[in-house]
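What follows is a short report on a single structure.
The values are calculated or read from the model by the stated rules, or taken from the named source; none is laboratory data. Not measured: the values here are computed from a predicted model. Note: ideal-geometry Cβ built from the backbone for every residue, glycine included; neighbour counts use all protein chains shown.
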Amino acid sequence: MEAKFEEIYGVKPVYRVKCPGRVNLIGEHIDYNGYGVLPMAIELGTELLVAPINESKIEMRNVEIEKYDPFTMSLPSTWSGASPPNWFDYVLCGWRGILDSIQQADQQKGMLILMKGTIPPSSGLSSSSSLVCAAALSTLAIHTGHGFTEKYTREWLADLCAKAEQMIGTCGGGMDQASEILSPKGAALRIDFNPLKSKPVHLPNDALFVVLHSGDTLNKAASSHYNERVIECRIAAQILGKHLNLPEWTNFRKLKEVQDKSGKDLAELLELVESVVPVNPTVDEVIALIGKENLDALLSDNTRHMKEFKAQARAWHCYGEAKRVADFEEACKNGDLIAMGKLMNQSHDSLKERYDCSSPGLDKLVNECRKAGVLGARLTGAGWGGCAVVLVDKKHPTDLSHLHVLFESSPCEGITLEKF
Ligand code: ADP
Ligand code: NG1
Ligand code: MG
């Protein structure tokens, strides 16, 4: 990579940033509802080589030149988002996030960037956030001459990158960025939000997590599927908040706010969802429940076309999945692989049936893995294609050689910065 950088740009790179991808073990589509998740960082990742230049431009190249066009942007630039995004827009999310946060928007420094990514794109292993986070740390180094400090902490960067990636149009939670920045080597990470907190979760010695590809892919920012789910959850949160007479329910955006403000446990909330949240309300029915002004404020640009909202099923999945994360963490502590596998199966079934975010290829893959005898199998990441993660007992290995195995995962460390 260094020789390639020098060959392209005629100067040596000054920094190398490496950022892993992540595989989510459990806790899907609940980060943006405020609930904790349990991913681990993986060995596949993004590598950026960067150098400062005196010219007023950012120039970027990808080693996969046939797939990703080179891009040059003159500085100063007011870029603040692009939807649907090109590959370099993910880099610019990280760049803009840092400049706004360190208040150097008017002192944009020239940069040369060479990128190499090994995460299969649009496959639920978070190639997008790996790119955003790597670009953000590179920009920090170029503009300040250093990486993490007491002021610019890993938590600060994870929060910043979660917000920054929304500039490509998805209303994401913060799981991917937190996992890819905060993960310790050798352990999965339990991540909680608002405020962001994380703690290592040591996996049982006999637990082997295998990642397989379904063959289907979907770029999350190029369709409205993802944001549609976010909006349906927001609507369910306001319907529940209003029903329970909770103060400031019109500000609710996350299903966890209902729990925090009502003090109810997840089992009580699941019951309430069934009795209070309509199955498939139309726009007019939602307006009758929460008011037009509130609905308008909840919708994103790419969800204003929606005619109906599967609010009940989405909320049901979310509260159920939040419980499964807690149970999975407990099962991990107890080394109970059977219980972990069952929870992964339940997670997939809920995502398929209540969240409508699986795909025929993913369901086929999950079924084949289960038939082969794995302890648990589920889609990982946002879904609609991409990868499945399965749990295998190392003492009784399952033969998956007839399927498209990508890798056997061992927990890797989060993002790193190196100065040459
Ligand atoms: P994922 O589940 O991998 O995060 P997304 O749909 O969120 O999938 O993001 C995928 C997008 O990230 C791609 O369409 C591309 O724009 C960008 N991307 C991923 N890998 C690379 C790469 N190696 N080089 C350039 N861009 C990449
Ligand atoms: P992927 O599939 O990596 O794009 C997305 C979101 C996560 C989370 C999962 C579903 C972004 C950057 N990522 O991941 O926050 O909501 O889906 O659990 O928005
Ligand atoms: Mg992504």
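List of remarks:
- Restricted to the range 110-126, and to residues there that are more than 11 Å from ligand 2 (Cβ to nearest atom) and among the small types (Gly, Ala, Ser), the residue that is nearest to Gly381 (Cα to Cα) is Gly117.
- Scope the range 127-155; condition over 26 Å from Thr78 (Cβ atoms), in a helix (DSSP H, G or I) and more than 10 Å from ligand 2 (Cβ to nearest atom); matching residues: Arg154, Glu155
- Residue that is farthest from ligand 2 (Cβ to nearest atom), among those in the range 71-109 that are under 17 Å from Cys171 (Cα atoms) and among the small types (Gly, Ala, Ser): Ser80
- Scanning the range 273-288 for residues that are surrounded by fewer than 17 Cβ atoms within 10 Å (Cβ to Cβ) and not β-branched (Val, Ile, Thr) yields Glu274, Ser275, Asn280, Asp284, Glu285, Ala288.
- Gly81 vs. criteria in contact with a Leu (Cβ under 9 Å, 6 or more places away or on another chain), on the phi > 0 side of the Ramachandran plot and among the small types (Gly, Ala, Ser): yes
- For the range 216-240, a tally of residues being modelled with pLDDT under 95 and more than 16 Å from ligand 3 (Cβ to nearest atom) returns 0.
- Residue identified as within 12 Å of ligand 3 (Cβ to nearest atom), modelled with pLDDT of 95 or more and surrounded by 18 or more Cβ atoms within 10 Å (Cβ to Cβ) among Ser138, Ser130: Ser130
- Qualifying residue in the range 99-114 (condition: within 15 Å of ligand 3 (Cβ to nearest atom) and assigned by TED's automatic domain parsing to the domain that holds Glu28): no
- Total residues in the range 7-35, condition more than 22 Å from Lys352 (Cβ to Cβ) and either in contact (Cβ under 8 Å) with a residue 12 or more places away in the chain or within 16 Å of ligand 2 (Cβ to nearest atom) (or both): 14
- Among the residues making up the range 209-236, those that are closer than 30 Å to Ala41 by Cβ, away from ligand 1 (no atom under 16 Å from the Cβ) and out of contact with any Asp or Glu (no Cβ under 6 Å at 6 or more places or on another chain) are Phe209, Ile231, Glu232, Cys233, Arg234.
- Only one entry in Leu270, Leu244, Leu266 is at pLDDT 95 or above, surrounded by fewer than 21 Cβ atoms within 10 Å (Cβ to Cβ) and in contact with a Ser or Thr (Cβ under 8 Å, 6 or more places away or on another chain), namely Leu244.
- Screening Ala178 on (1) without any contact (Cβ under 8 Å) to a residue 24 or more places away in the chain; (2) crowded, with 23+ Cβ neighbours inside 10 Å; (3) in a loop (DSSP other than H, G, I, E, B) shows it passes everything except condition (3).
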